[in-house]
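Report on the following structure.
The values are calculated or read from the model by the stated rules, or taken from the named source; none is laboratory data. Here the structure is a predicted model, which is why all the values come from computation and not from measurement. For neighbour counting, all protein chains shown are included, and Cβ atoms are generated from backbone atoms with ideal geometry for every residue, glycine included.
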Amino acid sequence: MARMKFLCDAERCIECNGCVTACKSEHEVPWGVNRRRVVTINDGVPGEKSISVACMHCSDAPCMAVCPVDCFYRTDDGVVLHDKDLCIGCGYCFYACPFGAPQFPQAGAFGLRGKMDKCTFCNGGPEKDRSAEEFQKYGRNRLAEGKLPACAEMCSTKALLGGDGDVIADIYRERVFKRGKGSEVWGWGTAYGPGKPAAAPSPAPKS
Amino acid sequence: MRRLVVCAAGLALAVGLVACGESEQVVVYKQGKYSGKPDGKPWDNEPLAGAKWTKGDKVSWEAEIKQRNQSQNEYKRIDQ
């Protein structure tokens with residue numbers, strides 16, 4: 001069973017914001033709402049690192065846990081989605097999310113906070129798949145078209161990987177082995193424990 | 001005349017109270033359970049032109065997604 005995940009390779013991200021633009025364009029996300037953004041650590045300092053951040057579709061999602069109206073659900077593929085018809089825009093999910101993924105449109109009068117909007121892993125929401133209603137509320141449903149998230153597919157350096165967790169983990173692992181570095185920067189130590197998997201990189205097989 | 005007044009008063013009362021009703025927004029509410037609308041499965045859609053999965057077949061849809069995932073692996077793309 002597929003378990004959809006994002007993985008951002010900090011060694012490759014060049015802070016071009018192509019993923020942000022792709023997301024905004026694909027889903028016609030309104031002004032002021034950013035489903036995805038690029039965060040740079042030590043900006044301007046030699047050796048700065050950037051990563052692209054959006055909803056990580058947590059396996060044990062805190063937004064789901066704190067929602068007072070239980071508007072969140074998880075699909076069979078591990079994508080965390082929500083029903084905007086139920087959302088009351090309280091903002092609890094924003095406080096609970098460690099990634100700042102939930103966004104609230106504030107286009108109304110008197111600082112009105114609208115219903116929550118977040119990355120859907122390009123999987124739409126609880127409306128008829130690929131319908132106009134789904135697009136209007138949640139954006140395009142690319143998974144229902146047999147495609148993967150626009151941000152990952154548009155990434156020019158392929159820093160942002162998105163798709164089945166097993167597959168993108170294999171892609172990242174192969175990349176770390178071949179380039180001989182990067183495991184110490186992000187992800188590897190958390191996922192596979194301490195060590196230097198790239199200490200003795202094997203030569204790339206020729207095909 | 002009196003009947004007309006009673007009818008008019010009854011009509012005014014009915015019109016006045018019409019906004020006081022409350023329609024059910026959640027069919028079944030269970031604490032801690034998702035209570036929104038059901039969502040469709042991605043594989044239950046007609047594949048677009050060029051796609052190779054079969055409508056309703058989860059396994060073929062997953063195979064399509066995994067195949068497409070490899071386009072994010074430039075080591076594979078370069079070798080092809």
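For this structure, a couple of remarks:
- The lone exception for A:ASP83 - which of (1) within 12 Å of another protein chain (Cβ to nearest Cβ); (2) among the acidic types (Asp, Glu); (3) in contact with a Ser or Thr (Cβ under 8 Å, 6 or more places away or on another chain) it fails: (3)
- Restricting the stretch A:141-154 to residues that are out of contact with any Lys or Arg (no Cβ under 8 Å at 6 or more places or on another chain) and within 10 Å of A:GLU26 (Cβ to Cβ), the residue that is nearest to the other protein chains (Cβ to nearest Cβ): A:ARG142
- Evaluation of A:CYS119 against (1) surrounded by fewer than 21 Cβ atoms within 10 Å (Cβ to Cβ); (2) within 30 Å of B:GLU46 (Cβ to Cβ) (one fails), failing number: (1)
- Number of positions in the stretch A:56-88 that are exposed (fewer than 15 other Cβ atoms within 10 Å of the Cβ) and farther than 30 Å from B:GLU62 by Cβ: 2
- Residue selected from the stretch A:4-25 under the condition among the aliphatic types (A, V, I, L, M) and in a loop (DSSP other than H, G, I, E, B), by the criterion nearest to A:ASP60 (Cα to Cα): A:ALA10
- Qualifying residue in the stretch A:160-178 (condition: more than 16 Å from B:ILE65 (Cα to Cα), within 14 Å of another protein chain (Cβ to nearest Cβ) and modelled with pLDDT of 95 or more): yes
- Which numbered condition B:ALA51 misses (of (1) in a helix (DSSP H, G or I); (2) among the aliphatic types (A, V, I, L, M); (3) closer than 30 Å to A:ILE171 by Cα; (4) modelled with pLDDT of 85 or more): (1)
- Cβ-Cβ under 8 Å pairs, at least 6 apart or on other chains, the stretch B:21-40 side closer than 21 Å to A:CYS63 by Cβ, far side at pLDDT below 80 and assigned to a loop (DSSP other than H, G, I, E, B): B:SER35/B:VAL26; B:SER35/B:VAL27; B:SER35/B:VAL28; B:SER35/B:TYR29
- Selection count where residues are more than 8 Å from chain A (Cβ to nearest Cβ), of a type outside the set (D, E, K, R) and more than 20 Å from B:GLY40 (Cβ to Cβ), scope the stretch B:54-76: 1
- Looking only at the stretch B:31-61, and only at residues there that are over 16 Å from A:CYS122 (Cβ atoms) and charged (D, E, K, R), the one that is surrounded by the fewest Cβ atoms within 10 Å (Cβ to Cβ): B:LYS33
- Positions within the stretch A:68-80 being closer than 23 Å to B:GLY40 by Cα and either more than 20 Å from the chain's Cα centre (by Cα) or more than 9 Å from chain B (Cβ to nearest Cβ) (or both), in sequence order: A:VAL69, A:ASP70, A:GLY78, A:VAL79, A:VAL80
- Residue ID - farthest from the chain's Cα centre (by Cα), chosen from residues in the stretch A:1-25 that are of a type in the set (Val, Ile, Thr) and surrounded by fewer than 17 Cβ atoms within 10 Å (Cβ to Cβ): A:ILE14
- Annotation: A:TYR92 fulfils all but one of (1) farther than 24 Å from A:CYS151 by Cα; (2) over 21 Å from the mean Cα position of the chain (by Cα); the unmet one is (2).
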